[in-house]
Amino acid sequence: MKTSYLKMPEMRPFWYFLPLAIVVLGINSFYLEPIWIVISAGIFIVMGSIILLNGVRIARLNGEIKIERNELGSIMANLLDGLIAYDQNFRIVMINKAAEQVTGVVAADVIGKMMTPEYAKDAKFTVLTQILYPSIAPSVVRRSEGGAYPQVVDMSFTNPTTELRITTDRIVDPNGVLLGFVKIIHNRTREVSMLKSKSEFIEVAAHQLRTPLTSINWIFESLAKETMPESQKEMVDMGVMAASNILKTVNDLLDVSQIEEGRYGYKFQDMDINVFAEQVLSEIMPYAQEMGIKLYLKKSANPIPVSIDPQKLGIVLSNLVSNAIKYNIENGEVTVEIEQQVEKPYVEMSIRDTGIGIPAEEMQRLFTKFFRADNAQKTVADGTGLGLYITKNIVRRHGGDIWAESQLNRGSVFHITIPTDPTLIPPQEMSFSEE
Ligand code: ADP
């Protein structure tokens with residue numbers, strides 16, 4: 001192994017130095033006294049040794065780098081995800097096999113080429129150019145904040161149907177100087193089609209169930225209005241409750257499948273958030289009274305215009321307020337407060353209750369599908385565990401956020417924010433996979 005290192009170019013300085021040292025020593029032997037000849041020979045031997053050792057060290061390091069580069073090369077070549085590296089001028093530096101397959105290009109045709117958006121006109125390079133310049137791609141959904149790295153976008157192509165998730169990151173040197181970019185292309189076509197067929201199945205099943213369930217619900221409600229012996233009344237009341245619970249579950253499942261496919265269908269309009277909250281709370285007030293809960297609304301000092309889908313955001317507020325009523329104590333209170341956030345383009349709505357609270361260890365699962373806390377299941381038998389998942393998605397679609405604080409047996413506060421600047425609302429609905 002070592003002999004092969006000695007043949008490497010790093011050893012050249014030593015071989016150049018050796019004849020020079022011999023010539024100088026030869027000349028010295030004519031002109032210098034023996035002691036100086038010995039001293040200069042000593043100096044040459046030390047210098048020669050240093051050059052030789054350095055050469056060997058550099059050769060060894062080079063060997064290691066070569067091995068690492070080969071390993072890295074074979075890892076990148078065999079990655080299932082596509083990888084494209086390019087410099088600041090969009091000159092392709094590297095493209096692996098998976099990226100070749102997904103873009104339909106051959107590495108030899110593009111390596112070293114400066115890819116301008118013009119290349120999109122050439123069918124051979126269309127997909128690659130659109131991946132490099134997402135703004136010219138036909139269907140793009142941004143998954144990360146603009147300007148921040150890594151940037152994540154989802155791209156869809158037809159003929160053949162292809163769903164890609166593309167992550168772009170910067171390549172910088174140790175001093176932070178930008179050298180170029182790398183794109184990781186994850187082909188999600190199979191994942192997306194599986195999610196789609198799962199959602200379609202749920203949607204068809206839910207649709208089929210909804211019609212007969214609505215009839216059953218209606219029949220039980222009509223029956224409950226009739227006069228009948230107490231024992232029968234009890235059974236009919238149970239029927240009313242069961243039918244309305246199943247109907248709620250089916251409707252929630254339909255909402256979830258539409259949300260996850262990105263076709264829940266939003267219609268935004270401008271309105272004062274106080275007027276919106278007043279309307280929702282007036283609809284929910286009879287439920288609060290029936291449950292013996294006091295419901296208060298603290299409006300903001302001034303009107304706050306927002307762009308919202310009142311029907312969808314109505315689902316959010318009524319979910320949060322009905323939870324605050326449902327998981328409350330006898331004679332409890334619920335307060336909805338609306339405030340403009342200080343120096344931020346958001347309005348914050350908080351829904352505070354005096355209820356059973358949420359166990360601390362279960363808080364992180366609060367907004368996931370089918371979550372129901374242990375204490376809630378014991379006190380309120382019915383519930384789908386889908387309400388907060390739907391709620392979170394609707395709030396996100398509005399460009400806002402949701403979070404909660406809670407103390408067991410003391411109460412909970414749910415906060416939602418909605419942007420007051422409409423440019424903060426995502427431009428389009430996204431198909432959604434659980435985070
Ligand atoms: P559901 O109410 O149908 O069970 P949700 O998704 O609306 O479904 O709520 C999920 C769970 O979160 C509830 O089952 C309950 O455990 C907890 N939760 C939600 N809101 C409150 C609240 N205000 N107080 C206490 N627990 C709550």
Condition check for Ser322: in contact (Cβ under 8 Å) with a residue 12 or more places away in the chain, within 12 Å of the ligand (Cβ to nearest atom), at negative phi and polar (S, T, N, Q)
yes
Given (1) more than 27 Å from Lys198 (Cα to Cα); (2) at pLDDT 95 or above, Ala224 misses just (2)
*asked:* Looking for something in contact with a Lys or Arg (Cβ under 6 Å, 6 or more places away or on another chain) and outside any helix (DSSP H, G or I) - is there at least one such residue anywhere in segment 28-51?
replied: no
A careful count of residues in segment 389-403 that are under 25 Å from Gly332 (Cβ atoms) and open to solvent by 20 Å² or more (accessible area, probe 1.4 Å) gives 2
Exercise for review: Output yes when any residue across segment 8-25 is surrounded by 15 or more Cβ atoms within 10 Å (Cβ to Cβ) and not in a helix (DSSP H, G or I), and no when none is.
Suggested key: yes
Picked from segment 195-228 (must be outside any helix (DSSP H, G or I) and not charged (D, E, K, R)), the residue surrounded by the most Cβ atoms within 10 Å (Cβ to Cβ) is Met228
Practice task
Answer yes or no: is there a residue in segment 376-384 that is hydrophobic (A, V, I, L, M, F, W, C), within 12 Å of the ligand (Cβ to nearest atom), at pLDDT below 95 and in a loop (DSSP other than H, G, I, E, B).
Solution key: yes
Filtering segment 404-415 down to residues that are near the ligand (Cβ under 10 Å from one of its atoms), outside any loop (DSSP other than H, G, I, E, B) and either open to solvent by less than 20 Å² (accessible area, probe 1.4 Å) or not polar (S, T, N, Q) (or both) yields Ala404, Gly411, Ser412, Val413, Phe414
Scanning for something in contact (Cβ under 8 Å) with a residue 24 or more places away in the chain, surrounded by 14 or more Cβ atoms within 10 Å (Cβ to Cβ) and in contact with a helix residue (DSSP H, G or I) (Cβ under 7 Å, 6 or more places away or on another chain), does segment 138-146 turn up at least one residue? no
Cβ pairs under 6 Å, 6+ apart or interchain, first in segment 368-388 and closer than 19 Å to Asn409 by Cα, second more than 6 Å from the ligand (Cβ to nearest atom) and part of a loop (DSSP other than H, G, I, E, B), ordered by first then second residue, are Ala373/Pro359
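The values are calculated or read from the model by the stated rules, or taken from the named source; none is laboratory data. As the structure is a computational prediction, the values presented were derived from the model and not from experiment. A quick note on method: Cβ atoms are made from the backbone with ideal geometry, for glycine too, and the neighbour counts reach across all protein chains shown. Keep in mind that these areas ignore ligands, DNA and RNA; they rest on the heavy atoms of the full protein, side chains included. Shrake-Rupley method; radii C 1.70, N 1.55, O 1.52, S 1.80 Å.
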